[in-house]
Amino acid sequence: MPGSGPVPSARDIAKIAVKVVRTVARLRAMGAAQEAERERMRLKLHDGAAQTLAHAFQCLQAIEATPDAR
């Protein structure tokens, strides 16, 4: 019959509770680290794209400013 094994002691339950709390803390820390990495990558990609567009704009302005470009 399921569940008919020995009843866990209060000490066993406390040990399990501590493990659960530690596991939850680790999972939260991992989630926070992943979110921080996502934010870092988002900013890196955004900054890279902004620099590329600014450079392209400057190149186009330089080309447009040359007399033989027209």
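For the chain, set up a GNM with springs between Cα atoms under 10 Å and report which of Arg26, Arg11, Arg38 has the largest fluctuation.
So, out of Arg26, Arg11, Arg38, the one fluctuating most is Arg11.
Charges only on Cβ, +1 for Lys and Arg, -1 for Asp and Glu: so what's the dipole of the chain about the Cα centre, in debye to the nearest 20? Display every interim value, and only then the final one.
Numbers: 11 positive and 7 negative charges, 144 e Å.
Magnitude of the dipole: close to 700 debye.
Would you mind working out the accessible area per residue for the chain, using a 1.4 Å probe, and quoting it in Å²? Walk me through the numbers before you get to the answer.
Working: 6620 Å² over 70 residues.
Counting only protein heavy atoms, the per-residue value for the chain is 95 Å².
With each run of n ≥ 4 DSSP H residues scored as -39500 (n - 2.57), what mean residue ellipticity at 222 nm is computed for the chain after dividing by its residue count and rounding to the nearest 500 deg cm²/dmol? Provide the component values of the computation, followed by the final result.
Numbers: 1 runs with 56 residues, N = 70.
That calculation yields -30000 deg cm²/dmol at 222 nm.
In 10 Å bins starting at zero, report the fraction of Cα pairs in the chain per bin as a rounded %.
Answer for the chain: a P(r) of 16, 17, 15, 14, 12, 10, 7, 6, 4, 0 percent.
The values are calculated or read from the model by the stated rules, or taken from the named source; none is laboratory data. These numbers come from a predicted model, not from an experiment. For neighbour counting, all protein chains shown are included, and Cβ atoms are generated from backbone atoms with ideal geometry for every residue, glycine included. What goes into the accessible areas is simple: the full protein's heavy atoms, side chains included, and nothing from ligands, DNA or RNA. Shrake-Rupley method; radii C 1.70, N 1.55, O 1.52, S 1.80 Å.
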